[in-house]
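S.K.: Before I ask anything, let me first share the structure, which is written out below as C-alpha cells.
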Amino acid sequence: MPCASRREAIFAAVEGHNRTHSAAPLPRPAARLLAIMFAAEDVCCLSQQSLAAEGFGKSLPGVLRALVEAGFVSRQTGTSRIPDTYRLLALAEVP
C-alpha cells in the first residue's frame, strides 16, 4: 500500500500537469498507474503482465508511453527475461 502522502503527491502532480496541458492531458489511468508503480520507490521493474494484473488492460502501453513523453518517467528497455525499468522523474520531491 503506498504511503498516503506519496500517493497524494502523485495524483496532484498528474492533475497539475493536466491543468497546464489541457490540450493533451495524460490518460485517465495515469495517476493510478504511477501510484502502483512507484508506491515506495522511484524505480519500477514490474512487468507489463504484472501491471495488467492490477487492472490495466490494453491501454497500458499507451499510458506508459504518455508518461514517458510527458517527462514523468524514463524508460530503460529490458530483455525478454528482464522487464523494462521505469524511473520516476517528475516527482523528485515526493516523500
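S.K.: Return the pairs, sorted by first residue and then second, in which the second residue is part of a helix (DSSP H, G or I) and β-branched (Val, Ile, Thr), the first residue lies in segment 11-25 and is within 22 Å of residue 36 (Cβ to Cβ), the beta carbons are less than 9 Å apart, and the residues are 6+ apart or on different chains.
M.R.: Pairs found: 25/14.
S.K.: Tell me yes or no: at least one residue of segment 26-35 is assigned to a helix (DSSP H, G or I), under 17 Å from residue 11 (Cα atoms), at pLDDT 95 or above and touching a strand residue (DSSP E or B) at 6+ places or on another chain (Cβ under 9 Å).
M.R.: yes
S.K.: Oh, and also: Would you be able to say whether some residue in segment 66-88 is exposed (fewer than 12 other Cβ atoms within 10 Å of the Cβ), touching a helix residue (DSSP H, G or I) at 6+ places or on another chain (Cβ under 8 Å) and not hydroxyl-bearing (Ser, Thr, Tyr)?
M.R.: no
S.K.: Which ones in segment 7-44 are in contact with a Pro (Cβ under 6 Å, 6 or more places away or on another chain) and more than 15 Å from residue 73 (Cβ to Cβ)? Break it down into steps so the answer makes sense when it comes.
M.R.: Filtering segment 7-44 down to residues in contact with a Pro (Cβ under 6 Å, 6 or more places away or on another chain) leaves 18, 35, 39.
Correct list: 18 only.
S.K.: A follow-up question, please. Please enumerate the residues belonging to segment 47-88 that are in contact with a Phe, Trp or Tyr (Cβ under 6 Å, 6 or more places away or on another chain) and either among the basic types (Lys, Arg) or assigned to a helix (DSSP H, G or I) (or both).
M.R.: 75
The values are calculated or read from the model by the stated rules, or taken from the named source; none is laboratory data. Bear in mind the structure is a predicted one, so any value in this text is a computation, not a measurement. Don't worry about glycine lacking a Cβ; one is built from the backbone with ideal geometry, like all the others, and counts go over all protein chains shown.
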